[in-house]
Amino acid sequence: MFNKIKGNFNTQTWVLIPIAIAINIAVGQIVVLLKLPVYLDSIGTVLVAVLCGPWAGALTGALTNIIWGLAIDPNALPWWPVAFFIGYMAGRMAQWGFFKSWWKVAVTGFVVALTAAVVSTPIAVYIYGGITASGSSFITAYLLQTGQGIWQAVFSTGFLVEPVDKITTAMIAFAIILGLPKRTVGGYPKPEQVEVEGGSKNELYIALGVVVLLILIAAFVLRGILGG
Amino acid sequence: MPERLSFHIKRDSALHHLNPLTKLLLVLTLILTAFLAPFYWTPHILAVLFIPLLSILGKVGREYFSTAIRLILPAATFLFAMQAFFQPVGEEIIFEFYFLDITRESFLFAFSNAMRIVVMVSAFTIFLLTTHPSELMSDLTRRGLPGQFAYVIISTLQILPQMQAKAQTIISAQRSRGLETEGGFFKRAGALVPLIGPLVFGSLVEVEERAIAIEARGFTSKHVKTSLHEIPDTSTDKLLRWFLTALILASIGLRIWLS
Amino acid sequence: MAFVNFQNVTYKYPLTKTPVLKNINLQVNEGEFIAVMGPNGAGKSTLCYALAGFVPHFFKGEISGEIEVDGKKSSESTLDEWVLNVGLAFQNPFNQISGAKYTVFEEIAFGLENIGVPRNEMKDRVDEAMALTGIRDLADRSPYSLSGGQQQRVALTSILVMRPRLLVLDEPTSQMDPIGTREVFGVVRKMAEEGMTVVMVEHKVEWIAHFADRVIALNEGQVLMEGKPNEVLTADLLPEKGFGISRYTSVARQAQQQGLWKQKQLPVTLFEAAEGFTSKGGGGSN
């Protein structure tokens, strides 16, 4: 098992991780500048996860939040387990072949979003009492006012907010990999996980269709949770 | 040129002379005590009394207070407000603002919660102010942290400001070519690609050469690594660590016993 | 036994169809200074990687033939052992900064820390290497605050401190301004004078003519020509194949065709050209 973890890491992995962390933070900051309602602070994490493996991705995510929290904005610190699991799940999905075409990437994004919502809920509840320092707390507050239990409210907020962010993140990461020269990709431990099947325009439309489908499913499930 | 991301300020203080691991343990003790100690006013006392004293002991008082006022206090206040208004606890309303209200219970809850966060962030801030990253990493490596981790952390700290500077350059360059970063949602969303693209691709192609460069300098050597600098670990350090560990155990113990 | 021996080396990068090195046979003797020239895509960088062990150990791919340096076979070694013997520096000085260290002194010591050199010895060796390359005054600077030429000298020092037996340089001055170029050439020349075996890929033909013992011309993955600088650099074959040659050579060649260059040997440098044009007819120019 330890060898499997080690298999994620070659020298290029170690050099990539700091760059991926910096990409996470820099893009996260650009998004704030553009005042877009997303985080997009895991693109680097997903890149590492897909090219190197789930453990490398997990490490990248965790370190991003720790360094961001210690050096720039303390509110990022407690969320490191979320970033850890984002990297881990993205890596696992890639291992199962879900990073080879647009629609598969969309599905990966959705699964990662779910994971993020699940892992972030206990953190939000235990450390912040449910109301965090992010804008999505207003949604939680509203849900609480409507009589929702704290756990339901927090999870529903996550479930609403995460899919758009993580599916976009996954697709941007895929677009980046598509644009990289083969030689660059080949130097990482798991280049076979991004051997693209397709990548054509039609694929992109199929993927967008899948995304819409997923969002509809999510909305349906959410209505179930909220109604109950 | 901001070539390194490091809060560290070189001073000659008791805290500066302590071993990095000791300081880490101190931070952990402060945080755990603030979160676990059963006495209600613990986080408040730590935040308002103990931590400022610590910053003075580390001769970084001024820097700490400026960070506290600029970053920590606003964040804590926001958190306090959110918690106080929206935590659905308690009945006795003590403050009303249109449709928002604060109950006595939610006020107390929010107050201690905010203080805990202040303790956590402040403890780390003082740690960072009095500890140089390469010192910390050298010490941890000596104690068994794999060299690759130390490499990743320091490398990230140095690359971050460069990446941010690069992002600034790209934003300016694209703006001067007519890219709009304000306005309607789709305009702003569309600006993402021309900004992220150059930033990411430029950085990713460096990876192969840098990997070769560090391999050429023995990065994957199987020898036991040595360290250029010697980080002192005195008996005061060791004693302090025992004391702090005892404090942590006491906090946990008290918590379990009293609950 | 030659210090460096390539026997029928053919190499193909992974996922590619054409070999980049085709049946390379070359020898380098200890203490020699070899210059490697060639047009883009000739395989010069791959040759450097092969000397330094990165081909095939880092890049994988398919290799046949034997690479031997200092009596050791590449096929029987691992990369971490090989780099102790062969040092590699390349074009982009920025990418050669490890990123792991805050000062130049520590940056240079990085390699020694990795291979487990004891602390006292480390300090002495870094001091020695910095004196050799003339960068003592940069010791406390951050590597990122330096100019390109300074960074490249730091990169060279970081390699030299590991005491390699063979130094491989892949166009170390291509990205330098004239000052940086002069600084880097200065260091390389000093190493060569001290007896270091050097293989350098370089385009600056006049410089090669001054300092190289031999020149190897690479084209399309094969050794096109090799020999003394004055023979290779003035050969007619070179411009035919798209090599860059010294302007003095091309001027003299044209002069020769018009009967205005009377020497047997074409010049490479300004000095040779001046001598050749001003001396009284007949005989070789050197």
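Quick notes
- With a Förster radius of 51 Å applied to the beta-carbon distance between B:R175 and B:F39, the computed FRET efficiency rounds to 0.40.
- Within the shell of other residues whose beta carbon sits under 15 angstrom from the beta carbon of C:G61, the net charge comes to +4, with Lys and Arg scored +1 and Asp and Glu -1.
- Neighbouring partner chain Cβ atoms per residue of B:79-85, average, 10 Å criterion: 4
- Rel. contact order, % - alpha carbon contacts under 8 angstrom, at least six apart, chain A: 23 percent
- R0 of 30 Å, Cβ-Cβ distance C:R182-C:K241: FRET efficiency to nearest 0.05: 0.50
- The range B:171-213 and the range C:9-72: distance between their alpha carbon centers, rounded to Å: 37 Å
- Under the simplified labelling scheme, the A:L208-C:T10 pair shows an inter-label distance of 4.9 nm, with each label point 7 Å from Cα along Cα→Cβ.
- Stretch gain in nm, segment A:N3-A:W96, where the contour uses 0.36 nm per residue and the Cα spacing is subtracted: 31.6 nm
- Average projection, convex hull of the Cα set of the range C:4-230: 12.0 square nanometres.
- Legend: P(r) of the range B:146-215 from all alpha carbon pair distances, 10 Å bins from 0, whole percents, reading 17, 39, 25, 15, 4.
- Relative contact order (%) - chain B, alpha-carbon pairs under 8 angstrom, separation at least six: 32 percent
- Straightening the chain between B:I56 and B:D101 buys 12.4 nm, computed as 0.36 nm per residue apart minus the Cα-Cα spacing.
- Summed side-chain charge close to A:P74 - residues other than A:P74 whose Cβ falls under 13 Å, Lys, Arg +1, Asp, Glu -1: +1
- Relative to the dominant Cα principal axis of chain A, helix A:43-52 is inclined by about 40°.
- Between C:T278 and B:I9, the simple label model (points 7 Å from Cα in the Cβ direction) yields a spacing of 6.6 nm.
- Relative contact order %, chain C, counting alpha carbon pairs below 8 Å whose residues are six or more apart: 21 percent
- Between the exposed loop cleavage positions of chain B, defined as GluC sites (Glu not before Pro) in a non-H, G, I, E, B DSSP state with at most 13 neighbouring beta-carbon atoms within 10 angstrom, the longest gap is B:1-90.
- Among complete DSSP H helices in chain B, those whose alpha-carbon atoms stretch at least 15 Å along the helix's long axis and whose mean Kyte-Doolittle hydropathy reaches 1.0 are B:20-36, B:73-86, B:104-130, B:192-204, B:235-258.
- Taking C:R141, C:R189, C:R125 as the candidate residues, the one with maximal mean-square fluctuation in a Gaussian network model of chain C, Cα springs under 10 Å, is C:R141.
- Net charge over other residues, Cβ less than 14 angstrom from the Cβ of C:N85 (K, R count +1; D, E count -1): -2
- Taking A:A113, A:A26, A:A49 in turn, the Gaussian network model of chain A (Cα-Cα springs below 10 Å) assigns the largest fluctuation to A:A26.
- Most mobile of B:Y40, B:Y151, B:Y98 in a GNM of chain B (Cα contacts under 10 Å): B:Y98
- Nearest-0.05 FRET efficiency for C:H210 and C:Q256, computed from C-beta distance (R0 25 Å): 0.65
- Residues in the range C:144-165 reached by a label modelled at C:E30 [backbone nitrogen below 17 Å; 7 Å Cα→Cβ]: C:163-165
- Only alpha carbons enter this Debye calculation for the range C:92-188, each as an equal point scatterer, and the log10 of I(q)/I(0) it gives at q = 0.16, 0.17 Å⁻¹ is -0.60, -0.68.
- With neighbour counts taken as other beta-carbon atoms within 10 Å, the residues B:L129, A:L114, C:L260 rank, fewest first, as C:L260, A:L114, B:L129.
- Taking the centroid of alpha carbons for each part, the range C:230-283 and the range A:109-154 are 79 Å apart.
- Spatially near lysine pairs across chain A, Cα under 16 Å, sequence gap of 8 or more or different chains: 8
- Cβ crowding within 10 Å, taken as a proxy for footprinting-reagent exposure, orders A:L51, A:L213, C:L51 from fewest neighbours to most as A:L213, C:L51, A:L51.
- When only alpha carbons are used to place a centre, the range B:25-57 and the range C:105-174 end up 45 Å from one another.
- Estimated distance in nm for a label pair at B:V205 and C:S147, the labels positioned 7 Å out from Cα along Cα-to-Cβ: 2.6 nm
- With a 10 Å cut-off around each Cβ of A:33-45, the average count of Cβ atoms from other chains is 3.
- With neighbour counts taken as other beta-carbon atoms within 10 Å, the residues C:D80, C:D236, B:D139 rank, fewest first, as C:D236, C:D80, B:D139.
- Shape annotation for the range A:1-62: C-alpha extents along the principal axes are 43, 18, 16 Å, from largest to smallest.
- Cα pair distances in the protein assembly as shown, grouped into 20 Å bins until the bin that holds the longest one, percent each: 14, 41, 31, 11, 3, 0
- Fully extended contour minus Cα-Cα distance, from C:E194 to C:K22, at 0.36 nm per residue: 58.6 nm
- Other protein chain C-beta atoms within 10 Å of residue C-beta, averaged over A:62-70: 3.
- Angle between chain A longest axis and helix A:102-128 axis [Cα atoms, degrees, rounded to 10]: 50 degrees
- Amide proton proximity set for C:M176, modelled H, under 5 Å, gap of 5+: none
- Within chain B, longest stretch free of exposed trypsin sites (Lys or Arg not before Pro) [DSSP loop, at most 15 other beta carbons within 10 Å]: B:12-142
- Cα-Cα P(r), the range C:107-147, percent of pairs per 5 Å interval: 5, 23, 29, 23, 16, 4, 0
- DSSP-defined beta bridges in chain C - what % are antiparallel, rounded to 5: 55 percent
- For the range C:134-212, GluC sites (Glu not before Pro) meeting the loop criterion (DSSP other than H, G, I, E, B) and having at most 16 other Cβ atoms within 10 Å: C:E194.
Values in this text are rule-based calculations from the coordinates and carry no lab data. Everything quoted here is computed from the prediction, not taken from an experiment. For neighbour counting, all protein chains shown are included, and Cβ atoms are generated from backbone atoms with ideal geometry for every residue, glycine included.
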